[in-house]
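Here is the structure we will look at.
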Amino acid sequence: MSSIRFSILLPTYKRTFLSQCIESVLAQTYAHWELLIVNDASPEDIEEVVSHYSDSRIRYYQNATNFGAKRLVEQWNYCLSLASGDYVICMGDDDLLLPNCLSTYAELIERHPNIPLLHGLTQIIDENGEVVRILDKRPEQESAMSLLYQRHFAYRPQYIGDFCFSREALIAQGGFYNLPYAWSSDDISALTAAQKQGLINTQEVVFAYRDNTHSITRQTHVCGKLKAIWLAGLWEWRFLRQPTNNAQDEMYRKQLKRRWLYHTLRKAYYTIRNAYFPTK
C-alpha cells in the first residue's frame, strides 16, 4: 500500500451534519490519514459530537476566539499549519468524502508524483444526503488556463473540498488565497497550485458537496463578497497578462482576457441576485 499520508482539514462551526462528515472519513478504504477538526469557537457543542469517536488519527482543536465567516480563509490556513500529511484536503463540515476518495488520490499521485494539485469528480447532495446531480467528468490532466477557461465559459462548478493539494506546494504559495468570505479563494488557490504543472482529475466520483440552507454560499454578506470578486478579478487579470507556450492555452488566454470584465461583472450580478432573489 502507498505510504502517502493525507491531512483532512475540517474547520468546524456547525454540528448539524458533522457526524456524517467524520464518519465519511472513517469509512475510507485508505488508512494513512489524519483528520484535524478545528472548532471555530462555535456556540454549538462540537466537542460532544467529536467525543463519540476514539480513533487516534482524529485530532481536535478549539479556537479561543471566532474567525467568523469573513475570515474563513484564515481558519483554513490555521488548519493547514497544524497538518503533517503529504497532501491536504480542506472540506466543509457538511460535506462527505466517498469511501474511495483517498485511495483514488493516492493512486493518481503515484502515477503523477510531480503534479501538486488533484481534483475529485463531485456529486451534489441535498440536506437528506440524496444525490441530486453528478458533475461532468474532466480530462485526466489539464492546465491551469483550461481550469479557468472551463470555469468561466462552461460555468463548471467546483468547491474547496474537491481539491487535494500537495501540502508543501500549498505552503510555498502562501497557503490558501485569502479573500473575504473565501469567495473565489478556492479558484485562485487551485489556479496558483496548477500554474506550472497543471492538475490531475479523478475519473470517478470521490467527493459529495452538500447544498443546504446552512451553507455560507446561501448567506448574504453581499458587500464583502463583491469586494472579493473584484480582488479575484484583479488576480485573474494579472494571470491572463502572461503569455503561454501552449497553442491551446494561448487561445484560452486570449478569449479569457477579452471577456475578463464581462466574467467579473457576471459573478457580481449573480452574487447580488442569489442573495436577494434566491432560487431553489
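The values are calculated or read from the model by the stated rules, or taken from the named source; none is laboratory data. It should be emphasised that the depicted structure is a prediction, and the values quoted were computed from it without experimental measurement. Cβ placement follows ideal geometry from the backbone for every residue including glycine, while neighbour counts extend to all protein chains displayed.
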So, first residue buried (at least 21 other Cβ atoms within 10 Å of the Cβ) in the range 163-174, second residue among the small types (Gly, Ala, Ser) and in a helix (DSSP H, G or I), Cβ within less than 6 Å, six or more apart or across chains; the pairs are 163/190; 165/193
Only one residue in 102, 121 is of a type outside the set (Ser, Thr, Tyr) and under 15 Å from residue 33 (Cβ atoms), so which one is that? 102
Flag if residue 5 is touching a helix residue (DSSP H, G or I) at 6+ places or on another chain (Cβ under 7 Å) and of a type in the set (Lys, Arg): no
With 207, 277, 239 as the choices, which residue is under 29 Å from residue 14 (Cα atoms) and either of a type in the set (Lys, Arg) or surrounded by 15 or more Cβ atoms within 10 Å (Cβ to Cβ) (or both)? 207
What are the pairs, 6+ residues apart or on separate chains, where a residue within the range 248-259 that is closer than 17 Å to residue 235 by Cα and touching a residue at least 60 places away in the same chain (Cβ under 8 Å) has its Cβ under 6 Å from a residue that is of a type in the set (Val, Ile, Thr) and outside any helix (DSSP H, G or I)? 253/244
Does residue 24 count as loosely packed, with under 14 Cβ neighbours inside 10 Å and within 30 Å of residue 114 (Cα to Cα)? no
Taking helices (runs of 4 or more DSSP H) that do not extend beyond the range 26-127, which have at least 1 residues that are within 18 Å of the chain's Cα centre (by Cα) and either at pLDDT 95 or above or under 22 Å from residue 204 (Cβ atoms) (or both)? 72-82, 101-111
Starting from the range 181-206, take each residue that is without any contact (Cβ under 8 Å) to a residue 12 or more places away in the chain and list its partners that are assigned to a helix (DSSP H, G or I) and crowded, with 23+ Cβ neighbours inside 10 Å, counting only C-beta distances under 8 angstrom and pairs at least six apart or across chains. none
